[in-house]
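Read the structure below first, then the notes.
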Amino acid sequence: MRILVTNDDGIHAPGLETLEGIARQLSDDVWVVAPEYDQSGVSHSLSLNDPLRLRQISEKRFAVKGTPSDCVIMGIAHILAEHKPDLVLSGVNRGQNVAEDVTYSGTIAAAMEGTILGVKSIALSQAYGHGGRAGIKFQCAAEHGAGVVRKILEIGIEPGIVVNVNFPDCEPGDVQGTSVAAQGQRNQALLAIDARHDGRGNPYFWLAFAKARFEPGNGTDLKAIAENRISVTPLRLNLTDEPTLTRFAQAFED
């Protein structure tokens, strides 16, 4: 099995090293094509107005001056064009990608691009808590990742589906199992604007989430992570809402 590994945190991110380790438990044919710089939150953007700069770091390892989606396209359509990968793994992201994160995440977008190009694709992310990024427990993803990916591949991934996997903020031995979960929804009232001023007194702003208690819905990825469970969520690329499609079609036929 040929595996293409990518991420959105950049070629030097520790989560990428973790994912390489996971991939090498599955295959000895692992290729890495990742962004030159951190591309967190760029979603499914493409570099249409700038050239893509490709830098080979070592055998089977490349950095692209572009977005995560650019990296997958370069990997599949250029670097591995003569022998395409059988699997795209994206991550391991620095922080969970659940609920509305799905629409912003470059990690998930890279997996979506792999799916669009006809390759089975899985996004993997590692949650962290109050300890912040300095205390991310990548060892959780490292120990459980290969087993989860093997199970997903054994079950099978249908065309047009990308699988989103999140590991909880706990030690590997404290994981309470795996939940196949729906995409959750946060309380958007917690979204906040952090207003500040620079040294010249000019205002600038950070997007942030206020610290408050929030009860995630049962059966969701948010709930799974809160209960120290690995969440596995299949996402469909076709965003059409069938019930609304039918309702609109009936209304316009009148």
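General observations
- Distant-in-sequence amide contacts of D9, defined by a placed amide H-H separation under 5 Å and a gap of 5 or more residues or a different chain, comprise Q39.
- 19 Å Cα-Cα reach of K120 towards aspartates and glutamates, excluding residues that sit fewer than 8 places from it in its own chain: D8, E20, D28, D29, D70, E82, D86, E154, E158
- Size of charge dipole - the chain - debye, nearest 20, with Cβ of Lys, Arg +1 and Asp, Glu -1, no other charges: 440 debye
- Distance in nm between pseudo-label sites at R133 and H197 (7 Å out along the Cβ direction from Cα): 2.8 nm
- Annotation: D50 carries an accessible surface of approximately 110 Å², with a 1.4 Å probe and no ligand, DNA or RNA atoms counted.
- Contact order normalised by residue count of the chain, Cα under 8 Å, 6+ apart, percent: 17 percent
- Total formal charge among the other residues, if their Cβ is under 10 angstrom from that of N93, Lys/Arg +1 and Asp/Glu -1: -2
- With all projection directions averaged, the alpha carbon convex hull of the range 112-242 covers 11.3 nm².
- With a threshold of 29 Å on the Cα-Cα distance, the over-threshold entries among K84/K223; K60/K151; K65/K223 are K84/K223; K65/K223.
- Within the shell of other residues whose beta carbon sits under 11 angstrom from the beta carbon of V165, the net charge comes to 0, with Lys and Arg scored +1 and Asp and Glu -1.
- Kyte-Doolittle mean at least 0.0, axial Cα span of 24 Å or more - DSSP H helices of the chain: 138-155
- Note on the range 74-146: percent of Cα-Cα distances in each 10 Å bin, starting at 0 and stopping at the bin with the largest distance, equals 19, 42, 28, 10, 1.
- The gain in end-to-end length when the E171 to L245 segment is fully stretched comes to 22.2 nm, 0.36 nm per residue minus the alpha carbon separation.
- The Rg/Rh ratio of the range 121-187, with Rg taken over Cα atoms and Rh as the Kirkwood radius over Cα pairs, comes to 0.99.
- For S69, neighbours were defined as the other residues whose beta-carbon sits under 13 Å from its Cβ, and their charges (Lys and Arg +1, Asp and Glu -1) total -3.
- Radius ratio Rg over Rh of the chain, counting only Cα atoms, Kirkwood formula for Rh: 1.00
- Over the chain: helical MRE at 222 nm, DSSP H runs n ≥ 4 each giving -39500 (n - 2.57), nearest 500: -8000 deg cm²/dmol
- For S179, residues with placed amide H under 5 Å, excluding near neighbours: I230, S231, V232
- Divide the volume of the convex hull around the Cα atoms of the range 1-78 by the residue count and you get 88 Å³ per residue.
The values are calculated or read from the model by the stated rules, or taken from the named source; none is laboratory data. Worth saying up front: this structure is predicted, and the values here are computed from it rather than measured. Glycine gets a Cβ as well: all are built from the backbone with ideal geometry, and neighbour counts include every protein chain shown. Heads up: the accessible areas ignore ligands, DNA and RNA and are worked out on the full protein's heavy atoms, side chains in. Shrake-Rupley method; radii C 1.70, N 1.55, O 1.52, S 1.80 Å.
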